[in-house]
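So the structure is just underneath, and the comments pick up after that.
Every number in this text was worked out from the coordinates using simple rules, so none of it is lab data. Note that this is a predicted model, so its numbers are computed, not measured. As a convention, Cβ positions derive from the backbone with ideal geometry for all residues, glycine included, and neighbour counts pool all protein chains shown.
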Amino acid sequence: MIRSLTALALGAAVSMTGVAAQAATAGVPLDSHGVAAAFGNTVKAQYPDGRFQRLWIRPDGAWEAVGRRGYWSSGKWSERGGKVCLKQARPFPAPFKYCTDFPSTGGIGAAWSSRDMSGEPIRLTVVRGIDRPVGGAGS
């Protein structure tokens with residue numbers, strides 16, 4: 001259950017136009033840093049097995065994701081103590097938040113190491129635009 005929730009928590013698909021428009025209307029410049037760098041872009045988490053999860057963070061406090069196994073999820077995000085915290089609402093409300101570091105000085109191309117909710121190591125990268133999986137889940 002935790003593995004599937006983790007897969008749900010980091011990765012998503014939303015329309016590029018919608019997210020880019022929200023970032024533009026929020027006045028977020030394309031060279032933003034910190035969590036604002038993710039608005040209209042993709043946060044990709046790569047696992048040791050080479051598969052990816054994708055997360056789209058919106059300036060309105062919402063996120064959507066597609067996990068490395070193709071499961072979709074969404075919820076609300078917040079910042080706390082230099083970390084970005086995800087609270088899942090769909091496909092079911094999670095009773096806890098998942099928090100991970102998000103570099104305050106990084107923009108597009110920022111990469112850092114973290115761990116998923118089960119403690120498995122992941123490598124996160126902010127990628128320009130909406131990077132949807134091609135060829136199935138986790139690719």
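Here is how the numbers come out for the structure above:
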| item | result |
| --- | --- |
| Segment 91-128 residues near the modelled Trp72 label - backbone nitrogen below 11 Å, point 7 Å along Cα→Cβ | 91 |
| Using θ = phi - 60° and Karplus 6.51 cos²θ - 1.76 cosθ + 1.60, couplings along segment 110-124 (whole Hz; Gly, Pro as x) | 4, 9, 7, 9, 7, 9, 7, 5, 8, x, 6, x, 9, 10, 9 |
| Gain upon complete extension [Ala111, Cys85; 0.36 nm per residue less C-alpha separation] | 7.6 nm |
| Extension gain from Asp60 to Phe92, taking 0.36 nm per residue of separation minus the Cα-Cα distance | 9.5 nm |
| Per-residue HN-Hα couplings for segment 56-71 [Karplus 6.51, -1.76, 1.60; θ = phi - 60°; Hz; x = Gly/Pro] | 10, 9, 9, x, 7, x, 9, 9, 9, 8, 10, x, 5, 9, x, 7 |
| Sorted by Cβ neighbour density within 10 Å, fewest at the top, the residues Thr42, Thr105, Thr125 | Thr105, Thr125, Thr42 |
| Calculated on alpha-carbon atoms, Rg and Dmax of segment 27-107 in Å | 12.7, 38 |
| Local electrostatic count, Lys76, Cβ distance below 12 Å [Lys/Arg +1, Asp/Glu -1] | +1 |
